[in-house]
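For reference, the structure is listed below as structure tokens.
The values are calculated or read from the model by the stated rules, or taken from the named source; none is laboratory data. If you're wondering where the values come from, they're calculated on a predicted model, not measured in any experiment. Don't worry about glycine lacking a Cβ; one is built from the backbone with ideal geometry, like all the others, and counts go over all protein chains shown. Heads up: the accessible areas ignore ligands, DNA and RNA and are worked out on the full protein's heavy atoms, side chains in. Shrake-Rupley method; radii C 1.70, N 1.55, O 1.52, S 1.80 Å.
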Amino acid sequence: MDRRKFLQSGLVVAGGAMAARKGLAQAASMPLAGAISAEEIAQARFPRDFLWGAATSAYQVEGAWNAEGKGESIWDHWAHTPGRIKDGSTGDIACDQYHRFKEDVELLKRLNLKTYRFSISWPRVLPNGTGPLNLKGIDYYKRVTDALVEAGIRPFCTLYHWDLPQALEDRGGWPNRDLASYYADYAGLLAKHLGDRIAAWAPFNMPWSFLYNGYATGSNPPGRASIDDFLRAVHTLGLAQGLAYRSLKAASSKATVGSAYSYEPAYPKTESVADRDAAWRFHMLNNVFFLHASRHGDYPRAFAGEVPYEAMGFRSGDEKILKVPLDWVGVHYYLRLAISAASRAAQPAAGARNADPMAQFHVEPFNEGQRTDHGFEIWPRGLYDLLMQISRDYDHPIIEITETGGVFADAPGPDGQIHDERRIDFYRQHMAELARALRDGARVRAYHAWSLLDNFEWSDGFSARYGLTWVDFVTLKRTVKDSGLWYGRVAAAGRLGV
Ligand code: IFM
């Protein structure tokens, strides 16, 4: 969307932030700041065909990191480097879904879920990223998807959830433009072998975020801190998204291709034009950058100065590759952020998103709502704002909520069960905001909780539990938490008052 319109609608967004601030006074006596009333929760209804589901990703749950011909990924490499992961763990075994997928499909069934968002590990299928196919890898995903289809669960496939084949990083990683066509070949191959079973494809999970962390700040693999690399990587990804869309569609007539973008609703810190302008720049870069590229065939003019097309390696004709009519928009929502203008002189601290030199904004969390055990502010209202904003700005697209969730550390009690009331409350409030957005016209058709299982939470290792299901990482035993049982009841009933 253009800047002028955002500044106008920014009144709504900024107004939301102000209302949120006002709401604070009431927060102390409520379970969650800004919480929806019990009455509204009791009345919340969802369409009969609404798809309730859960999400995971390959590196976080599969394990079997070098089994049956799988190649090394950048996350294997990173986690095997001492000091990279908080608790010293790795995804070598993770939840061992590679050997226990049938049990996990049973779990999904038990929770009455109708969609499972999982990702395919590129190096499991193509150990070197290009070249010979690992048939055992493809066969594994055939068995997983067969089991899902048989259980009446929609397989929703993310093609890339951060685990680049290390062999491709050794050839330059995402800043290497050639990766766009390697990736498109990989996408075509998946659609050729699995397109009879899978219709829902999301090329990337949180593209801006993994490129920023991997190439601009270096906090994630491959650990480079170079704005030049980052800018080139961004353009390779834009091309890869466009090319993959085409190869998926070419190989499978039933493919629907969307996205899984992460959105952090950007509320201006103050009502000043400078802060509202900064919030617009943040939104365009962090939230809708690749969605904008797919719609317009160019990149948003939200950088400091002109869009750095030359530094990105943009060539004439690329605009045609970028532009693709995505079938739906995937939305992750975890937290809202307060954005303010930063001076040109400011430099980012290593690993931080503050005073971003490309857009000169400061990013701060809000501290008004309660927090998850990971320290994220809980702000369900942000989901409503976001869904309405995307609906308004992008002509009411079909939306899939691809992730929401929180870390709550509740462990098994003396009865062996996990009474994670705070997670139930978290989901209940978010889903009530979703119901409100549906009522107000947002075309949301699915909700994926992050996550089906406690799993390997990247640099936090196993210390951050997001699951509806407790995983004992020694025995790998799964125990559905109270939140999972509650979520299953909601999925069966299509309402929150269960
Ligand atoms: O675990 C991650 C997931 O891989 C991507 N989205 C955010 C989740 C929680 O941090």
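Numbers at a glance
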quantity: Residues being within 16 Å of the ligand (Cβ to nearest atom), open to solvent by less than 10 Å² (accessible area, probe 1.4 Å) and in contact with a helix residue (DSSP H, G or I) (Cβ under 6 Å, 6 or more places away or on another chain) - total across the stretch 162-209; calculated: 4
quantity: The stretch 62-85 residues that are under 17 Å from residue 218 (Cβ atoms), paired with ones that are open to solvent by 70 Å² or more (accessible area, probe 1.4 Å) and aliphatic (A, V, I, L, M) (beta carbon under 6 Å, 6 or more apart); calculated: none
quantity: Residues located in the stretch 121-142, provided they are touching a Pro at 6+ places or on another chain (Cβ under 6 Å) and part of a helix (DSSP H, G or I); calculated: 122, 123
quantity: Selection from the stretch 211-220 of residues that are within 16 Å of the ligand (Cβ to nearest atom) and buried (at least 24 other Cβ atoms within 10 Å of the Cβ); calculated: 211, 214
quantity: Out of 170, 139, sole residue that is within 17 Å of residue 118 (Cβ to Cβ) and free of Cβ contacts under 8 Å to residues at least 40 places away in the same chain; calculated: 139
quantity: Restricting the stretch 369-383 to residues that are open to solvent by 30 Å² or more (accessible area, probe 1.4 Å) and away from the ligand (no atom under 16 Å from the Cβ), the residue that is nearest to residue 464 (Cα to Cα); calculated: 370
quantity: All positions within the stretch 95-120 that are open to solvent by less than 20 Å² (accessible area, probe 1.4 Å), assigned to a helix (DSSP H, G or I) and not charged (D, E, K, R); calculated: 97, 98, 101, 105, 107, 108
quantity: Subset of the stretch 291-315 [surrounded by 14 or more Cβ atoms within 10 Å (Cβ to Cβ) and small (Gly, Ala, Ser)]; calculated: 293, 294, 297, 302, 304, 311, 313
quantity: Residue 92 being within 16 Å of the ligand (Cβ to nearest atom) and part of a loop (DSSP other than H, G, I, E, B); calculated: no
quantity: Hits in the stretch 440-476 (condition: free of Cβ contacts under 8 Å to residues at least 40 places away in the same chain and within 11 Å of the ligand (Cβ to nearest atom)); calculated: 467
quantity: Checklist (1) within 16 Å of the ligand (Cβ to nearest atom); (2) open to solvent by 10 Å² or more (accessible area, probe 1.4 Å) applied to residue 260, failing item; calculated: (2)
quantity: Condition check for residue 428: within 15 Å of the ligand (Cβ to nearest atom), within 15 Å of residue 378 (Cβ to Cβ) and basic (Lys, Arg); calculated: no
